[in-house]
Amino acid sequence: SFDTHLVSQQKAKETLSQAILDSILRLDDPKWPLGVFFFHGPTGVGKTEIVKALAETIFWDAGGFIKVNCENFSESHTGSNLFWAPKWYIWYDQEPVFTNKKVTLAYDTAKKIGKLHPMVSRLPWFNILLFDEIEKAHPDVTQQLLALLDEGKITTSKWEVVNFQNSIIIFTSNVWQEKITHEKNKNVLWFSPTWVQSWDVNKIFQSSLKERFKPEFIGRVHSFIEFEE
């Protein structure tokens, strides 16, 4: 299914597939999400397509994942729409993005029609969450996600405890791509060693990552996966 949706990015596909398999088969602390991945690379190289391929493989449905467009959460108070809202907020009575019914919908549907992949059939439920362009989310929103990443659960404004312990969580970003592209263009001369280009790109990525995200957020990501141009 990966090859059907995305014929390129072989390294990214192999890395993600193996990491997810290892996560599902793991024997360590089950309170954390199964896997937390950070996709980084230029726009249009297949970061979202690989998530669609994963959903189709698991649930027989390329739309079987929850997508959060982080551009819609660029202000501090907007994080309330994800999980909870104080009673004095105008959208307190609105259903948040995440509820137990929503996070298990794709799993329950696939299981009901007999299309659930055997790899996850032994789990009581399973889901895929995509936070697209995470760099556009307000830092306060990112801070709220730490409980999800650390404890594997969130309590909503209606006091519903939403479980994410069997979740694959994926963040995408291209915030530093302009810097990386500029650096690569400086090193395209025939005498520039490949290792210099790779070192420069990695240095830019690491420095940009630390500029935008707090160490506790970075530390909760299990794997950073680069998508090539």
Problem - Contacts under 9 angstrom Cβ, first residue in region 193-220 being more than 16 Å from HIS40 (Cα to Cα), partner β-branched (Val, Ile, Thr) and at pLDDT below 85, 6 or more apart - result: GLN197/VAL188
Handout entry: Residue list for region 118-135, restricted to those being surrounded by 21 or more Cβ atoms within 10 Å (Cβ to Cβ) and in a loop (DSSP other than H, G, I, E, B)
Key = PHE126
Practice task
Considering only region 109-133, state which residues are among the hydroxyl-bearing types (Ser, Thr, Tyr) and in contact (Cβ under 8 Å) with a residue 24 or more places away in the chain.
Solution key: THR109
Practice task
For THR15, indicate whether it is assigned to a helix (DSSP H, G or I), more than 23 Å from TRP60 (Cβ to Cβ), modelled with pLDDT of 60 or more and out of contact with any Asp or Glu (no Cβ under 7 Å at 6 or more places or on another chain).
Solution key: yes
Problem - Tally of residues being open to solvent by less than 40 Å² (accessible area, probe 1.4 Å) and in contact with a Lys or Arg (Cβ under 6 Å, 6 or more places away or on another chain) across region 136-163 - result: 2
Problem - Within region 168-206, considering residues that are out of contact with any Pro (no Cβ under 9 Å at 6 or more places or on another chain) and at pLDDT 85 or above, the one surrounded by the most Cβ atoms within 10 Å (Cβ to Cβ) - result: PHE171
Exercise for the section: Please indicate, with yes or no, whether at least one residue in region 213-229 is in contact with a Ser or Thr (Cβ under 8 Å, 6 or more places away or on another chain), in a helix (DSSP H, G or I) and at pLDDT 85 or above. Expected result: yes
Exercise for the section: Please go through region 55-70 and pick out each residue that is open to solvent by less than 10 Å² (accessible area, probe 1.4 Å), of a type outside the set (Phe, Trp, Tyr), in a helix (DSSP H, G or I) and closer than 21 Å to THR109 by Cα. Expected result: ALA55, ILE58
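The values are calculated or read from the model by the stated rules, or taken from the named source; none is laboratory data. Keep in mind it's a predicted model, so treat the numbers as computed, not measured. All Cβ positions, even for glycine, are placed from backbone atoms using ideal geometry, and neighbour counts span all protein chains on display. With ligands, DNA and RNA removed, areas are computed over all heavy atoms of the protein, side chains included. Shrake-Rupley method; radii C 1.70, N 1.55, O 1.52, S 1.80 Å.
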